[in-house]
Structure formats: C-alpha cells, structure tokens
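Down below is the structure, laid out as structure tokens.
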Amino acid sequence: MAKKKGSLLRQERLEGIICASPWIIGFLLFTLGPMIASLVLSFYEYDITTPPWWVGLENYQTILFNDKTFKTALYNSVYYTVISVPLGMAVALFLAVLLNQKVRGLALFRTIFYLPSVTSGVAVSLLWMWLLDPNGGLVNTLLSYLGIRGPLWLQSPVWSKPALILMSLWGTGGTMVIYLAGLQGIPEQLYEAASIDGANSWARFRHITIPMLSPTIFFTLIIGVINSFQAFTQAYVMTSGGPVNSTLFYVYYIYRRGFQYLHMGYACALAWILFVILLFFTAMQFKLSSQWVFYEGEVRNK
C-alpha cells in the first residue's frame, strides 16, 4: 500500500513538472539566463561590436566614485519614488473607498477610473505632452482662467519632475482595483460592532479599515517602489531625460549607456547596482512591516 502511494506521489510530481515546464523553460531562458549574463558582463568592457575584455571591478568603481550622472539619475529616481508612490497610493485608496459605496452605476464608474491604467504608456505620454504644453496646453489654459500663470512644466528643470509625478496619478486605477478588492474582504460585522460602540466614520476608517487593509497597502508599497524606480517610458518619450538631466531616471540612464553609447558592460553594472538598491529597500520594508502590517486575527484582538 505504501509502495503504491509513493508511486502515485512520484507520478503526480512528474505531471506537475511537465505542466509547469513551459514556464520553467521560459524563466531559465529569458529571465535567469539574461540575469547571469548581465552579471558576468558587468565585469567586462563591452561595446557589442567587439569581443568583451575583462576589467574586473572598474565599472563599479567608476559608477560609485567618478560618475556624476549616476548620482543625478539616482537622485531623480529617488525623488520621483518618494513623492509619487505615497501620493499615488493615497489617491488610489481614496478612489477605492468612494467606489466601494452602494450607489447606482457603480460598475460604470469603476470601469471609467480603471481604463486609464491599461492605456499604452506611449499614448499616455503623448496625451500629457499636450496637456502640459506651456503654450495652449489644457492645464495652463485652465490655470489662466483662475488668474494663475502656469509654469513651463516639462521645459523647466524645476517643474519637470513634479509634472511627471502629476502624470503618474493617471495610472492609479490598477492600484485602486487592488484596494477595492481588499476593502470588500473586510467583514461588515467589524463596522457594525464599532457603530454600536459609538465609533464615527473616521474612527471606523482609522481603527478598522486601515489595519485590515494594511497587508494590501504593504503589497502596493513594495510594487510601487519597484515600478517607480523603473520609470522609463515617460522620460524617453516626453523629455529625453531633460531639461538639464532633470528627468534622467535611473533606467533611462541604463538605456542611454547601453544602447546609445554602447557601453554595455557599464550598463550591466548599473543594472546590478539598481538590483541591490531595490533588494535593500524591499528587505527593509519586510523587516519594518511587523510594526504596522496587521492581519484579521490581530485586528480583532486589538
């Protein structure tokens, strides 16, 4: 009997591996393989047109100690992340709370708010180039009706990053849907019990909604930080990293060094530094999560 059960278990494992093999093969060929190749190339000088030659840690030393543009690109990405991620999460949560109410036409409103997040990044960039045009753009036109002189937006080193942060709010629909799913998973009994105890709307939101939604907030925070550090399309299409490198984000700098200047080994080293930065921040967020992320049982016992 035990022998038959062991044979059945091995057969199930084999069938599982066979079913998962397309993903496994794809991961090995198109994800793990290129990652290993980029790590190896980061220790070489490689311009694509000639064979690579070994330079050891020279690429990393140059990036960390001699490359001022690296520091600029890193600063731009950190600036963009620190402001756009919390702001986008707050807007998405606000919309999710609104769309969690029982009103007529709710499905239509949810669709309308979600659609911008699935629009092509290039199309969105072209749209916002028109909206933020300092001469005749919709945003500055509306500001002029209020007696406010609009800034130069994408043409100003001061306003270019805030302009892209404002644009990033266009795509909060995806995060909104995640929050909406989290809100609908909160038991109504908790709100009813709090209402009986005399808690007002703000108290229920603060002591029930936020703690119960904290795992979802944690997830969107991790994904938001990773995605914001990989901002590329809007800078490439709208500003080409300018003006004065004010929108030269980190990934765009990797692209520039690798595919414009053909410093592929240098670009691989930049990519691995970004990987270490994201790994560090992700690990820190996981370590700190125990202080503010709560699960249903913990909230019920508070």
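Working only within the range 246-258, note down all residues that are over 19 Å from Gln61 (Cα atoms) and either among the small types (Gly, Ala, Ser) or modelled with pLDDT under 95 (or both).
The answer is Ser246, and nothing else.
Please count how many residues of the range 236-292 are over 20 Å from Tyr79 (Cα atoms), part of a loop (DSSP other than H, G, I, E, B) and over 22 Å from the mean Cα position of the chain (by Cα).
Total meeting the criteria: 3.
Just one of the numbered conditions (1) touching a helix residue (DSSP H, G or I) at 6+ places or on another chain (Cβ under 7 Å); (2) closer than 13 Å to Gln234 by Cα is not true of Leu127; which one?
For Leu127, the failing item is (1).
Got at least one residue in the range 161-168 being more than 17 Å from Val82 (Cα to Cα) and at pLDDT below 95?
There is no residue in the range 161-168 that is more than 17 Å from Val82 (Cα to Cα) and at pLDDT below 95.
Out of the residues in the range 86-138 meeting the condition of being of a type in the set (S, T, N, Q) and assigned to a helix (DSSP H, G or I), tell me which one is nearest to Thr220 (Cα to Cα).
Out of the qualifying residues, it is Ser117.
Taking interchain pairs and intrachain pairs at least six residues apart, which have beta carbon atoms under 8 angstrom, with the first residue in the range 176-189 and farther than 10 Å from Asn100 by Cβ and the second part of a helix (DSSP H, G or I) and of a type in the set (Asp, Glu)?
Pro187/Glu296
Among (1) within 21 Å of Tyr295 (Cα to Cα); (2) under 23 Å from the mean Cα position of the chain (by Cα), there is one condition Phe205 misses while meeting the rest; what is its number?
Here Phe205 clears every test but (2).
The values are calculated or read from the model by the stated rules, or taken from the named source; none is laboratory data. What you are looking at is a predicted structure, and each value in this text was computed from that prediction instead of being measured. Every residue, glycine as well, gets a Cβ built from its backbone with ideal geometry; the counts of neighbours run over all protein chains shown.
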